[in-house]
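Quick notes on the structure that follows.
Here, each number is a calculation from the coordinates, and none is a lab measurement. Predicted, not measured: the structure shown is a model, and the values here were computed from it. Using ideal geometry, Cβ is built from the backbone for each residue, glycine included, and neighbour counts are taken over all protein chains shown.
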Amino acid sequence: MKLKDLKINQKAIIVNCQDKQLPLKLMEMGCVDGVEVTLLNKAPLGTPLYFMMGDTRMALGKEIVNELEVVLTEDDVKEKA
Amino acid sequence: MSKKKLKIALVGNPNTGKTSLFNKLTGLHKKIGNYPGITVNRVSGTFKLDDGTEVELIDLPGTYSLHPTSKDEEVVLKELLTNREGIDGVLMVADVNNLKRNLILLTELQDLGYPVMLAINMCDEMAKKGIRIDVEKLQELLQIPVILVSAKKSKGNGERKGKGKIHQMREMLPEIFKFSSKKYFEYYGLTGTNIDFIKPDFPQENTYKLWLLYTEQDKFKSLIDAHYKQILELPLDHSIVKRLLQKEVVKRYRDINHILKETYHIDKRKATGLTERIDRILLHKIWGILIFVLIMFLVFQAIFTWASIPMDWIDNFFSQTNIYLKANLPDNQLTALLTDGILSGIAGVLIFVPQITLLFLFIALLEEMGYMSRIVFLMDRLMQPFGLSGKSVVPLLSGTACAVPAIMSARTIENSKERLISMLVTPFITCSARLPVYTIIIALIIPKEESFGFINLQGLVLFGLYFLGFASALLAAFILSKFLTSKYKRYFILEMPEYKAPILKNVWITVWDNVKAFMFGAGKIIVAFSIILWFLATHGGPKFKDAQKYFQTEKSAHTNTPSDLSSYKLEHSYLGQMGKTIEPVLKPLGYDWKIGIAIITSFAAREVFVSTLSTIYSVGANDDDQLLRERMASERNLVTGQKTFTFAVGISLLLFYVFAMQCFSTLATLRNETKTWKWPVLVFVYMTGTAYITALMAYQFLK
């Protein structure tokens, strides 16, 4: 599942931040593997998307949310089931 | 440290209150210069320690790490790596809410071998957020001096007596030299065979410095001196390096987690989520946009309407002073220079101050409160196809009032390429000084009638001109973004800071800094130019000097001599001669030399076009344009006997004023903001070039 597919308030965990396509800055800002991410908001034109990423609130553009791979956290999976 | 002068770099992530802390530490003793070759400001300030040591604090641009992603961040890497300035140590500012991420940069600074002190800012929020920090333990583990401060709360009596936190912080600075700096990177084993191979040749250099020189070499090849040449000769595989850099971040986080586990405790239940809740409204698809439009409307209203009140005061004050001085000083060249030259020039500078003040008041407030990042979030997708930032909305909108404050407002755009493009295209936006020109020409050539029963044709043309200005700004931005390439790929990663009540003192400092930068930067150029313009309009050849005599004889001999002396003098001044000289160039556009003079004088400000025509046609200054309009309508070409202001000439003039760079103050501001004449000259060439070509085509098709 990609980060862009997250629904608002859904929680997930980052798994591929070391992908070649992704900038180093992302990791420096706290987006590392295993960090919990929650989608807070979407911009009026679809992207950027606004997340709580660990302790940091950050907005990410299309080129990043299309690449970042996530898995839903267990709470979220349970709720769905 | 026996040295009597210390040079300390202030480093930190964006949104950590670094600048407010800088203001607190240095007071108002700040110097703004710029780094050679780039448009990034170098801000520094000084203060004295109790023992007399003078400290120069250099406020480096905010950055998340020493791996730059923009020109501004590059400054930090370059300054710290080459240390051409002789920096003795670093004061690192961190945000208490985001300590983990902030410490990435700290460990990098330590690895580079700099003595560092860590100031954890915004500690006033700790109790509220359930954060506890064991400062002693943190000092021990990081092996550097650590202090908790609050740029917001550290005022009051203690500060004046020299006992406050800020004072304590200043006095702690020399302690950085008591610690030997801790190293992290050396134990990561990431440098690979390349660096290890050359390491023996640089026994006194630390490994991390060599590593940065190697991995970031493409950013400053020219700066690496011969001493390090062999680093450049090593093979460099970008994808391998990237993997290693990513591993480095992971390892740094691991080290930091170990340190924070023992020293930093947060009670998650205390999190209020207030910022998230405010964002739910301010970033809402409908409400968010509505509030944004409302705020922008307020900004627009302020610089368009509110600013006009103090602008009228300034205008009145200077014209009264002028009248008074002329009445009381001897009637000679010196008085004329003082009143019409220098004083008018100063008035021409001060007239911009109300707009700059109000615009920056809004910008500083929005920035302090954290709303500017939200503007980027809301507007980025709209502006990004044109190579602009979401924040470019502010200069583009402010440009409808005046390009001068608008260009300055681009300062808030972090990315220097987007900032430059915003500044270069803002002058296309129809500013308020174009309105008087548009009004009089539209009234002259467009019939005052309703089309289709309800659309006012004159209004429609005016709307079209505004639209044309806006469209050409966006088009120019699009073209420029294709030419101004950047070595940095654009990724949209934006931290959304917490909403905060603004620190009013910071707001005032921002406003004052900008007003000062304009008055003493662009202001000087504007005064100089208006003196030159005054000289050219009030001096001339023999026919100007003895205008009285020539005027009388010519008046009786010819019928085409102007009806009063002042227009005769203008015609024979140097300026008039310039107008006549450029007539061949302007003829294909349908203009005669009289219009030529008006075009030259309107460099001072576009609306001067109207008053110059009044002088040339001897209608005198008049509050309504009725008289001038009638005079223009009846004006005929002496050679062909045809009307001067035909429909074709009118359209040609309108198009000329839509595009032409007819404003010296704008050029002076561009010069001041970019610190080079290169960009203002480019803007002049492409704007006036576009103006000439479109006016030429319009006239040739329509005549």
Separation between Cα centres of the stretch B:267-285 and the stretch B:480-527, rounded to whole Å: 27
Cα Rg, Dmax, the stretch A:3-80, angstrom units: 11.6, 34
Value at 222 nm in deg cm²/dmol, rounded to 500, when DSSP H runs of n ≥ 4 in chain B each add -39,500 (n - 2.57): -17000 deg cm²/dmol
Euclidean distance of C-alpha centroids, the stretch B:366-438 and the stretch B:173-242, integer Å: 40
Spatial separation of Cα centroids for the stretch B:94-126 and the stretch B:306-351, in angstrom: 53
Overall Cα dimensions of the stretch B:186-270 - principal axes, largest extent first, Å: 56, 26, 23
Amide H contacts under 5 Å for residue B:216, placed H, 5+ residues apart: none
Bins of 20 Å, starting at 0 and running to the largest distance - Cα pair percent for chain B: 15, 42, 28, 14, 2, 0
Against the rule of thumb 2.2 N^0.38 Å, how large the Cα Rg of the protein assembly as shown comes out: 1.11
Tilt relative to chain B, helix B:457-483 - C-alpha long axis, 0 to 90 degrees, to 10: 40
Along each principal axis, Cα extent of the stretch B:5-182, largest first, Å: 44, 33, 30
Computed [θ] at 222 nm, deg cm²/dmol, chain A (DSSP H ≥ 4; -39,500 (n - 2.57); rounded to nearest 500): -4000 deg cm²/dmol
On Cα atoms only, tilt of B:664-674 relative to the major axis of chain B in degrees: 10
Distance violations [Cα-Cα > 18 Å] among B:5/B:71; B:505/B:675; B:221/B:247; B:100/B:165; B:31/B:516; B:100/B:251: B:5/B:71; B:505/B:675; B:221/B:247; B:100/B:165
Sorted by Cβ density within 10 Å, fewest first, the residues B:172, B:383: B:172, B:383
